[in-house]
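Read the structure below first, then the notes.
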Amino acid sequence: MPRYFYEAKSLEGKEESGSLVAKSEHQLARALRRKGYFLISARIEGEEKKEKFKLEKLNIFEKLIGVSFQEKLFFTRNLEVMVRTGVPLPRAFEILATQAKSKKFKEALRKISEKIIKGESISTSLSSFPTIFSTLFRETLKVGEETGRLEDSLKVLALEMEREYTLRSRVKTAMIYPLVVLCTTFGIGILMMIVAVPQLKAAFEELNVELPFSTRMILGGADFLTKKWWLALLIIFGLASVVVMSLRTKKGGKFRDKMILKIPVISKIVRQTNSTLCLRILGSLLKAGVPIVRALEVASGALTNFYFKKSLLEAAKTIKKGGKLSQALSPYEEIYSPMVLQMMEIGEETGETSEVLEKLADFYEEELAEATKKLSSIIEPVLILIIGGIVGFFAVSMMQPMFGIMGGM
């Protein structure tokens, strides 16, 4: 039987480490539980160095990749079931840690279990991992703990995460077609420049004809790509890096979001996506009992567009001074439709703001589903015009010298 080196902890928080001979890790955990300890980690003698190297290597990639939204959704669903069936929280987190695929997530869940055993609340324990658990996640569970309705909070979170996942998937699916077409066109264009254009250049040189500017420009580009391809790659990589880094800055992100809100068709989808997320999150938080000012601050952190974030944060300041939500968002009519503001006002008058916000979110979600279905049919003719223009420019540039030769004969 193998010898295991283990680390364990008691319910009182006392740590224990050592080695034991056991048939399996499961038997080791059972032996420790009989002593009043929970197994934290274990490794077989002789494999510790190999395991350590493996974990260090994995940790580097996990830090870069992070935890997927699907895995967090799976975790939330299962935790809600476990809490509902009466499984103790430390035990629930230990079980879910064994089921986690991401090493980063597995480690986080085990540490959270340890923190809960020491007496920390679940929301406080989760706050140690802000890159995994969002402010929205933590705040919702905090309300559940304070009200004694943790199961309900987890149920609301799982439902909202499912809706958010569906919403984002629809938008991504709608954008796949135009991206694939543009990438394919770009690839074919590069292939033509490398393979076909050099042959045409050789023919033009043999005929010794004067070439128009557009033709010389294409031939020069092809010559550059074939002889100095490494420099072309370096320039493309450098420009892409500069653009990405610029967009990650506050000013760059603000400029990007402003431009997106002005692009026809795309701007409508961006407004509907952010409006749906905003209304859904606000409605859920208010329904869970989160104060409206804190709900606005939390919701702003869940949105991606700068101007939607700004509208919620400014609204929170206005409400602190005694204003209403509908009045606080009225200066932002360019991003919120009049119907949203009117329905918010009705909700405030009837005292059913959370219900009204959820119904509005349902309505916008259906609208967005229809808009994403129509997106491909709207973008398709635009893509045809763009690709046709590029192909036409290339064809005319290459054929123009030949027409000149035929005219001179």
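Among the residues of the stretch 353-365, is any among the hydrophobic types (A, V, I, L, M, F, W, C), within 21 Å of ASP257 (Cα to Cα), modelled with pLDDT of 85 or more and not assigned by TED's automatic domain parsing to the domain that holds THR135?
Of the residues in the stretch 353-365, the ones among the hydrophobic types (A, V, I, L, M, F, W, C) are 356-357, 360-361, 363.
Retained after the next criterion (residues that are within 21 Å of ASP257 (Cα to Cα)): none.
No; the residues of the stretch 353-365 include none that is among the hydrophobic types (A, V, I, L, M, F, W, C), within 21 Å of ASP257 (Cα to Cα), modelled with pLDDT of 85 or more and not assigned by TED's automatic domain parsing to the domain that holds THR135.
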- Can you run down the residue pairs with Cβ atoms below 9 Å, 6 or more apart or on separate chains, where the first is in the stretch 88-109 and touching a residue at least 40 places away in the same chain (Cβ under 8 Å) and over 17 Å from SER127 (Cα atoms) and the partner is surrounded by fewer than 16 Cβ atoms within 10 Å (Cβ to Cβ) and aromatic (Phe, Trp, Tyr)? LYS103/PHE61
- Select from the stretch 92-128 the residues that are part of a helix (DSSP H, G or I), over 20 Å from VAL143 (Cα atoms), under 24 Å from the mean Cα position of the chain (by Cα) and not hydrophobic (A, V, I, L, M, F, W, C) and list them in ascending order. GLN99, LYS103, LYS104, LYS106, GLU107
- Restricting the stretch 174-195 to residues that are modelled with pLDDT of 80 or more and of a type in the set (Gly, Ala, Ser), the one nearest to the chain's Cα centre (by Cα) turns out to be GLY187
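Restricting the stretch 155-189 to residues that are touching a Phe, Trp or Tyr at 6+ places or on another chain (Cβ under 9 Å) and not basic (Lys, Arg), which is nearest to ARG84 (Cα to Cα)? Spell out how you get there, then give the answer.
Of all residues in the stretch 155-189, those touching a Phe, Trp or Tyr at 6+ places or on another chain (Cβ under 9 Å) come to 157, 161, 164-165, 168, 189.
Right, trim to not basic (Lys, Arg) and you get 157, 161, 164-165, 189.
Numbers: LEU157: 14, MET161: 19, GLU164: 23, TYR165: 24, GLY189: 58 Å.
If we take residues in the stretch 155-189 being touching a Phe, Trp or Tyr at 6+ places or on another chain (Cβ under 9 Å) and not basic (Lys, Arg), then LEU157 is nearest to ARG84 (Cα to Cα).
Among the candidates GLU145, GLU160, GLU210, GLU164, single out the residue that is out of contact with any Lys or Arg (no Cβ under 8 Å at 6 or more places or on another chain), outside any loop (DSSP other than H, G, I, E, B), touching a residue at least 24 places away in the same chain (Cβ under 8 Å) and not aromatic (Phe, Trp, Tyr). So that I can check it myself, show each step before the final result.
On the way: GLU160 fails: out of contact with any Lys or Arg (no Cβ under 8 Å at 6 or more places or on another chain); GLU210 fails: outside any loop (DSSP other than H, G, I, E, B); GLU164 fails: out of contact with any Lys or Arg (no Cβ under 8 Å at 6 or more places or on another chain).
Going through GLU145, GLU160, GLU210, GLU164 in turn, just one is out of contact with any Lys or Arg (no Cβ under 8 Å at 6 or more places or on another chain), outside any loop (DSSP other than H, G, I, E, B), touching a residue at least 24 places away in the same chain (Cβ under 8 Å) and not aromatic (Phe, Trp, Tyr): GLU145.
The values are calculated or read from the model by the stated rules, or taken from the named source; none is laboratory data. If you're wondering where the values come from, they're calculated on a predicted model, not measured in any experiment. When we count neighbours, we look across all protein chains shown, and the Cβ atoms used for this are built from the backbone with ideal geometry, even at glycine.
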